[in-house]
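Peer 1: Please find one structure pasted underneath; my questions will follow.
Computed from the coordinates by the stated procedures, all read-outs in this text should not be read as laboratory data. No experiment lies behind these values; they were computed from the predicted model shown. Quick reminder, even Gly has a Cβ in these numbers, built from the backbone with ideal geometry, and neighbours come from all protein chains shown.
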Amino acid sequence: MFEQLEFQSHSIPGAIQGKYKFSNGWSISVVAGLPGSGLYGNVTDNTYEVAIFRPNGNMTEDVIAWNTKEEVSAMMKVLVQL
């Protein structure tokens with residue numbers, strides 16, 4: 001499911017962000033930056049920081065750090081079923 005994310009430039013130089021909103025109202029934000037950017041994902045080693053948002057717009061507990069594409073896809077597969 002990772003391929004459903006459309007990445008664009010992030011406000012942090014050299015960083016990218018992809019967002020996806022599911023039909024059930026849940027959404028996911030996936031970011032990665034250059035080393036030292038302060039993000040918990042790295043574009044040079046294909047790891048990603050994930051934030052998950054409830055249908056009411058509130059973020060769940062905290063971001064999830066250093067995820068692979070496969071791990072992001074697994075999270076998306078769960079979110080689509082909620």
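Peer 1: Just to be sure I understand, how many residues within segment 31-79 are surrounded by fewer than 15 Cβ atoms within 10 Å (Cβ to Cβ) and among the β-branched types (Val, Ile, Thr)?
Peer 2: Of the residues in segment 31-79, 4 are surrounded by fewer than 15 Cβ atoms within 10 Å (Cβ to Cβ) and among the β-branched types (Val, Ile, Thr).
Peer 1: Could you tell me whether residue 48 is in contact with a helix residue (DSSP H, G or I) (Cβ under 9 Å, 6 or more places away or on another chain), closer than 13 Å to residue 75 by Cα, in contact (Cβ under 8 Å) with a residue 40 or more places away in the chain and not hydrophobic (A, V, I, L, M, F, W, C)?
Peer 2: Considered against the rule, which asks whether it is in contact with a helix residue (DSSP H, G or I) (Cβ under 9 Å, 6 or more places away or on another chain), closer than 13 Å to residue 75 by Cα, in contact (Cβ under 8 Å) with a residue 40 or more places away in the chain and not hydrophobic (A, V, I, L, M, F, W, C), residue 48 comes out as no.
Peer 1: Could you say which residue among 11, 23, 29, 37 is under 23 Å from residue 82 (Cβ atoms), hydroxyl-bearing (Ser, Thr, Tyr) and part of a loop (DSSP other than H, G, I, E, B)?
Peer 2: Unique residue meeting the criteria: 23.
Peer 1: What is the residue count in segment 40-66 for residues that are in a strand (DSSP E or B) and in contact with a Pro (Cβ under 8 Å, 6 or more places away or on another chain)?
Peer 2: Going through segment 40-66 one residue at a time, the tally reaches 1.
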